[in-house]
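The values are calculated or read from the model by the stated rules, or taken from the named source; none is laboratory data. Small disclaimer: the values here were computed from a predicted structure and weren't measured. Note that we place each Cβ from the backbone using ideal geometry, even for glycine, and neighbour counts take in every protein chain shown.
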Amino acid sequence: MAFHSLSTWSQTVLSCLLLLAAAITTLQEDLEGGTKHLYQNANSDKEDDICVSKDDGQCTKFKRLLRLEGHEVGHIQEVEIQDGKKHLMKTFNMKPLIFEIPDFFTEEECDRIIELAEVQGLQSSVTHNHDRSSGIRLLDRDGDRKLSLTEMRRTIEEGFDLYLVEEDLKKLYSELDLDVNQDGFISKDEMQRVSVPQMKAYLLNLIKEKPVKKSRMSSQTWIYPDRTNDPLVESFQQRISRLTQLPDIMINSNSYFQVVRYGKEGHYNAHHDSGDNFNYPCCHTVEHKKCEICRYATIMVYLNNVEEGGETAFPVANNETYDEEIFRNSGIMNLNQYCKHANLKLFPKKGTAVLWYNHFINETTGWMGSVDKFTWHGGCPVIKGEKWIMNRWIAASPDPKKDLGYS
Ligand SMILES: *[C@@H]1O[C@H](CO)[C@@H](O)[C@H](O)[C@H]1NC(C)=O
Ligand SMILES: *[C@@H]1O[C@H](CO)[C@@H](O)[C@H](O)[C@H]1NC(C)=O
């Protein structure tokens, strides 16, 4: 594998810590299974119970984890998410499956949520998992012992959460006098000209000067239903329960939600809401930090109309095939720059809720399976006005007993 030659290279060159991106390897392994058949099989046999044997050999029956049927784009189902009130649930997309529910909140309710958030106060959104204490992980993915522009861009994206375009990289090369022979590649000898602290200082300064280059620019706050007795928050819980038809215990645990405000140029580059490296326990089932964030479904509600921009983009939706490397190399996860290249976009509309499933159903267990890679999504930059949304995730794990409170 390319990683081995890279590790010798970078150790001799930069004496920097080269940590192999385990997550990337896992994703590649997942993809070999192919996601295609999962689209065809999801939902077949929904009625069947799942038998989970207990220690004494007895069988406890679980219902399958429900994934609503989309049927086809444009399909409309009537749902009663509030007593005596009919709502429409429209199938917006099939790959990934996305539903749109207009008027999920009334205008007054949207304003009320924004008010709740403002009273609490919002903080700048931060992305995690970027450990800057060690060296720089050089992503020489093709193992040719030099970094192409794409490899340098990804090195900086994955190490610093900073999304640069070619022009920014050229500027970095020239200011640090990196690319001596101007061939667009940074070789071992060229890399040696710059110290790790020097390179880091340059990038950290860039983050400070141009925060818009970060993956995410927004502010947010968390609302915990069990810490407020606002009737709207309670009603929200009920609406989600009726909409998703998932067991109450799954709706009522991990029930906090997030209110996010995007100002001018505010955006969030493409990401997955959930992970499926089930070598780690799901975070909602354990106390410790080494865990995977497991969010079966996402419900997002637009709380205002945006004057211009701020679409929710799904850059690889409906793509014939999907390849993680091709996607990351293409740069289109940088929605701040390349929103127009996204395959699918939703326009914010005050009160409309959007529901999608981040995971497939595992046909063996009938419960939560692998991540639907086509759910890469994010927020396009706000061009005019501001954008307010709320995000609510429904946590699930691969183990029905954990989610249903049997263990
Ligand atoms: C999208 O589909 C096309 C056609 O199959 C393919 O060439 C391209 O690599 C795909 N994109 C990604 C990100 O996998
Ligand atoms: C489904 O679950 C089984 C049992 O946990 C597991 O062995 C298998 O790898 C899973 N399949 C997929 C496609 O994730």
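Would it be correct to say that His377 is modelled with pLDDT of 95 or more and crowded, with 23+ Cβ neighbours inside 10 Å?
Numbers: modelled with pLDDT of 95 or more: yes; crowded, with 23+ Cβ neighbours inside 10 Å: yes.
It is true that His377 is modelled with pLDDT of 95 or more and crowded, with 23+ Cβ neighbours inside 10 Å.
Do you know which residues across the stretch 302-351 are on the phi > 0 side of the Ramachandran plot and surrounded by 15 or more Cβ atoms within 10 Å (Cβ to Cβ)?
To start, the set of residues in the stretch 302-351 that are on the phi > 0 side of the Ramachandran plot comprises 309-310, 318, 331, 351.
If the condition is that a residue be on the phi > 0 side of the Ramachandran plot and surrounded by 15 or more Cβ atoms within 10 Å (Cβ to Cβ), then Gly309, Gly310, Gly331, Gly351 are the ones that fit.
Of all residues in the stretch 159-196, which are among the charged types (D, E, K, R), in a loop (DSSP other than H, G, I, E, B) and over 25 Å from Gln337 (Cβ atoms)? Result: Asp177, Arg193.
The condition of being closer than 29 Å to Gly309 by Cβ and within 14 Å of the chain's Cα centre (by Cα) does not hold for Gly266. Quick check: anything in the stretch 235-254 closer than 30 Å to Met152 by Cβ, touching a strand residue (DSSP E or B) at 6+ places or on another chain (Cβ under 7 Å) and of a type outside the set (A, V, I, L, M)? Checked the stretch 235-254: no residue is closer than 30 Å to Met152 by Cβ, touching a strand residue (DSSP E or B) at 6+ places or on another chain (Cβ under 7 Å) and of a type outside the set (A, V, I, L, M). Here Ala396 does not fit the description of being within 30 Å of Ser148 (Cα to Cα) and of a type in the set (A, V, I, L, M, F, W, C).
Condition test on Asn362, is it more than 16 Å from ligand 1 (Cβ to nearest atom) and within 22 Å of Gln237 (Cα to Cα)?
Values: more than 16 Å from ligand 1 (Cβ to nearest atom): yes; within 22 Å of Gln237 (Cα to Cα): no.
Against the criterion (more than 16 Å from ligand 1 (Cβ to nearest atom) and within 22 Å of Gln237 (Cα to Cα)), Asn362 does not qualify.
If we scan the stretch 365-378, do we find a residue that is among the charged types (D, E, K, R), over 29 Å from Glu109 (Cα atoms) and more than 16 Å from ligand 1 (Cβ to nearest atom)? So far as the stretch 365-378 goes, no, none of its residues is among the charged types (D, E, K, R), over 29 Å from Glu109 (Cα atoms) and more than 16 Å from ligand 1 (Cβ to nearest atom). In the stretch 342-354 there is no residue matching the filter, namely being within 16 Å of ligand 2 (Cβ to nearest atom) and over 16 Å from the mean Cα position of the chain (by Cα).
From the list His284, His288, exactly one residue is in a helix (DSSP H, G or I) and either farther than 25 Å from Asn93 by Cβ or within 16 Å of ligand 2 (Cβ to nearest atom) (or both). Which is it?
Values: His288 fails: in a helix (DSSP H, G or I).
Testing whether each residue is in a helix (DSSP H, G or I) and either farther than 25 Å from Asn93 by Cβ or within 16 Å of ligand 2 (Cβ to nearest atom) (or both) leaves just His284.
Just to be sure, is Asp226 within 21 Å of the chain's Cα centre (by Cα) and charged (D, E, K, R)? No; evaluated as a whole, the condition is false for this residue.
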